[in-house]
Amino acid sequence: MRWPVLVMVGSLPGGASDGAVGRGGAGAVRLLAVTGRCVVKILISADMEGVTGVTWPDDVLPGHAQWQRFRPVFTGDVNAAIAGFFDGGADEVLVNEAHWSMRNLLLEQLDERARLLTGKHKALSMVEGVQYGDVDGVAFVGYHTGAGTEGVLAHTYLANSLTGVWVNGTRASEGYLNSLVVAEYGVPVVLVTGDDRTCEDAAGYAPGARAVAVKDYVSRYAAVCRPPARTAAEIRAAAREAAALAVRTEPVHGGPFTVEIEFDAEHLVVQAACVPGVEPAGERRVAYTSENMYEAIRCFKTVTTVVSSAVEEQYG
């Protein structure tokens, strides 16, 4: 992807010097030439399991009629967040697709003020774009809880074969993992949407963020849902408030990080241990340690990719 050239007219410690040209380093401040105020850029990481009305695998798996049905709903949740951020004073919104093939949102229906980063094979996957130094706040739209916990379509990267993830002993959802990644760039999580259990999870890793529950958990495959018009209004209002929270801070370097992964079958441990640095760590578990979350999440992606190739057809 080609990123726009930005003119740096000021900086915080660690940023580019006055007049430098580039994407912007960590801590860099961009100013609007007309008003002199700081440019505010939001990155929306858009997943699908936590979208309004979604409760069943067919709702989110490409190729199914239900997936086609929920693509406009997914786009609607994202548009509500985009509108709210612009209402709150944001100048730029970049939406990064973060579900499955990462080609689910309908570009032709997306709010024309935003830009869409779509497609797979991105260095930071779900939070791609945060590493370029010009993002002030991150929103997790359509998120869900982690593997082994209560929540609609709860999982962490792999739907069934991965049964739990822990980082330094704390059980980790995708939201928790991604919050640790963006913290290394000094970027706060300012908005989270999903089911009510997802909002409870977010209170642990982003206590200052605005949260919107678009449905209430009943089981992994059932929820009490609110109509899209209602959830869109709630998401937009929360995003408007969240825009004020988009203020970069000093990067948080909390490493080293020991990541422990539990699978539903022992042969997956053998496969995962093929990845350099990953070792068996007890029954159906592997573990590895990385000095920072950038490396930790990249290793995690590698493990899940290798393991997914070893998941066989269901039987019994």
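The numbers here are math on the coordinates, done by the rules we state, and not lab data. Predicted, not measured: the structure shown is a model, and the values here were computed from it. No Cβ is skipped: glycine too gets one built from the backbone with ideal geometry, and neighbour counts run over all protein chains shown.
Things worth noting here:
- Judged by the ratio a/c of the largest to the smallest principal axis of the C-alpha gyration tensor, the range 44-103 counts as prolate, that ratio being 1.5 or greater while a/b is larger than b/c.
- Cβ-derived FRET efficiency at R0 45 Å, Asp216 paired with Glu112, nearest 0.05: 0.85
- All distinct Cα pairs of the range 188-308 go into the 1/r average, and the inverse of that average, the Kirkwood radius, is 17.2 Å.
- P(r), alpha carbons of the range 113-197 - 10 Å bins starting at zero, rounded %: 16, 45, 34, 5, 0
- Checking every one of the chymotrypsin sites (Phe, Trp or Tyr not before Pro) in the range 167-264 against DSSP loop status and a limit of 11 other Cβ atoms within 10 Å picks out Tyr221.
- Cα pair count fraction exceeding 36 Å, expressed as % - the chain: 16
- Exposed loop sites here are GluC sites (Glu not before Pro) assigned a DSSP state other than H, G, I, E or B and surrounded by at most 11 other beta carbons within 10 Å; excluding them, the longest clear run of the chain is 113-282.
- Rg then Dmax, both in Å and based on the Cα atoms of the range 148-245: 14.1, 40.
- Coordinate range along principal axes, alpha carbons of the range 257-308, Å, largest first: 28, 20, 16
- Relative to the longest principal axis of the Cα atoms of the chain, the long axis of helix 174-183 lies at roughly 40 degrees.
- Angle between the chain longest axis and helix 196-205 axis [Cα atoms, degrees, rounded to 10]: 70
- Partners for Lys41 among aspartates and glutamates (Cα-Cα distance below 12 Å; same-chain residues under 8 apart left out): Asp91, Glu92, Asp134, Asp136
- 0 to 90° range, to nearest 10: angle between helix 65-87 axis and the chain longest Cα axis: 30
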